[in-house]
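Engineer: Dropping the structure in here first, questions after.
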Amino acid sequence: MTLMSKDADVRHVLRHLTGIFLRSMKKLVTFFVLAYVISWVIWMPLWLPALGIANLPVVPFNHAIGGFGPMIAAFTVTYAEQNGQGVQHLLKAMFSPKAILYVAIALLSPFLILWLAGVADYWIAGNSFDWKGFTKSREFPDFSFITFLIYNLIFFGYGEEVGWRGYALPKLQQRYKPIQAALILTVFWVIWHWPLFLYRPGYTEMGIDGIVGWIFSMLTGSVLLSWLFNASKGSILVVAIFHATIDIAFTADMANAKIVNYAGAIITI
């Protein structure tokens with residue numbers, strides 16, 4: 001084989017690999033754009049008033065329904081790529097109970113962290129922990145703990161994680177190391193939340209320092225969720241439960257807001 005033919009073979013391989021990479025990235029870009037459009041359109045009656053456009057009809061649980069955007073996008077793009085076989089794979093990962101150890105970690109660890117944060121606050125500042133608010137929601141005070149868990153699991157656990165970790169993370173990990181993929185995914189995950197800063201309590205009051213802290217919490221959350229997904233052999237069930245329980249832990253109706261800061265520090269560590 002001549003040197004010229006070897007060079008031609010190398011160029012052919014490089015073109016082939018570049019084509020695969022670009023096609024994969026095109027699929028990811030399609031997913032992200034579709035996830036954004038679906039969620040942001042559903043949330044329009046909530047965020048457009050901040051821009052002076054009011055009186056749009058708001059449906060019950062309007063914010064929660066918008067959480068389905070990444071899941072709908074994942075199923076749509078997966079079906080376009082792999083037809084029913086890909087959809088079946090996502091569904092299996094959503095409900096597979098094989099990773100029992102990681103299901104337990106996802107279900108219990110956020111509440112253990114919250115309890116440790118309450119103990120830390122008591123030791124440091126002598127503040128008592130509002131145990132009655134441990135499993136109560138500020139947003140939905142009439143919800144029982146089980147109701148609030150199911151609410152978060154359906155709308156934000158599955159609604160988001162079927163897309164972020166179930167679809168996007170494996171695509172990114174085909175070309176990047178897991179930690180790199182988790183960091184890249186954080187950027188797109190953060191962008192998805194931007195309309196919340198126009199209407200969502202807790203977001204609208206954030207200053208620059210608060211936004212920086214929030215982005216850092218998203219980054220650590222992305223790393224933890226990516227670890228759980230990989231360690232559980234690709235279980236969307238595990239990351240959906242962890243996403244739901246973390247949301248519950250950080251929105252629990254506790255009297256002392258410093259506990260949330262301590263919990264965030266523990267999660268970061």
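Where a number appears in this text, it was derived from the coordinates with a stated rule and is not lab data. The shown structure was predicted, so the numbers you read here are calculated from the model rather than taken from an experiment. No Cβ is skipped: glycine too gets one built from the backbone with ideal geometry, and neighbour counts run over all protein chains shown.
Engineer: Look at the stretch 97-144 and say how many of its residues are under 19 Å from residue 158 (Cβ atoms), in contact with a strand residue (DSSP E or B) (Cβ under 8 Å, 6 or more places away or on another chain) and aromatic (Phe, Trp, Tyr).
Structural biologist: Summing the residues that are under 19 Å from residue 158 (Cβ atoms), in contact with a strand residue (DSSP E or B) (Cβ under 8 Å, 6 or more places away or on another chain) and aromatic (Phe, Trp, Tyr) in the stretch 97-144 gives 1.
Engineer: Check the stretch 252-266 and report whether any residue there is closer than 29 Å to residue 141 by Cβ, within 17 Å of the chain's Cα centre (by Cα), surrounded by 18 or more Cβ atoms within 10 Å (Cβ to Cβ) and touching a residue at least 40 places away in the same chain (Cβ under 8 Å).
Structural biologist: Within the stretch 252-266 (the criterion being closer than 29 Å to residue 141 by Cβ, within 17 Å of the chain's Cα centre (by Cα), surrounded by 18 or more Cβ atoms within 10 Å (Cβ to Cβ) and touching a residue at least 40 places away in the same chain (Cβ under 8 Å)), the answer is yes, since at least one residue qualifies.
Engineer: A further question on this structure: With the condition kept exactly as written, say whether any residue in the stretch 206-228 is in contact (Cβ under 8 Å) with a residue 24 or more places away in the chain, outside any helix (DSSP H, G or I), of a type outside the set (Phe, Trp, Tyr) and surrounded by fewer than 16 Cβ atoms within 10 Å (Cβ to Cβ).
Structural biologist: no
Engineer: Residue by residue through the stretch 188-205, note down the ones that are in a loop (DSSP other than H, G, I, E, B) and either of a type in the set (Asp, Glu) or closer than 22 Å to residue 239 by Cα (or both).
Structural biologist: Step one: filter the stretch 188-205 for residues in a loop (DSSP other than H, G, I, E, B), giving 193, 199-205.
Correct list: 193, 205.
Engineer: Of all residues in the stretch 38-60, count the ones that are in a helix (DSSP H, G or I) and exposed (fewer than 13 other Cβ atoms within 10 Å of the Cβ).
Structural biologist: Taking the stretch 38-60 first, the residues in a helix (DSSP H, G or I) are 38-42, 44-51.
Still in the list and also exposed (fewer than 13 other Cβ atoms within 10 Å of the Cβ): 41, 51.
Number satisfying all stated conditions: 2.
Engineer: Hey, another quick one. Of the residues in the stretch 65-78, how many are within 12 Å of residue 40 (Cα to Cα) and either of a type outside the set (Gly, Ala, Ser) or surrounded by fewer than 20 Cβ atoms within 10 Å (Cβ to Cβ) (or both)?
Structural biologist: The number of residues fulfilling the criteria is 3.
Engineer: Within the stretch 222-232, is even one residue within 20 Å of residue 120 (Cα to Cα) and among the polar types (S, T, N, Q)?
Structural biologist: Taking every residue of the stretch 222-232 in turn, none turns out to be within 20 Å of residue 120 (Cα to Cα) and among the polar types (S, T, N, Q).
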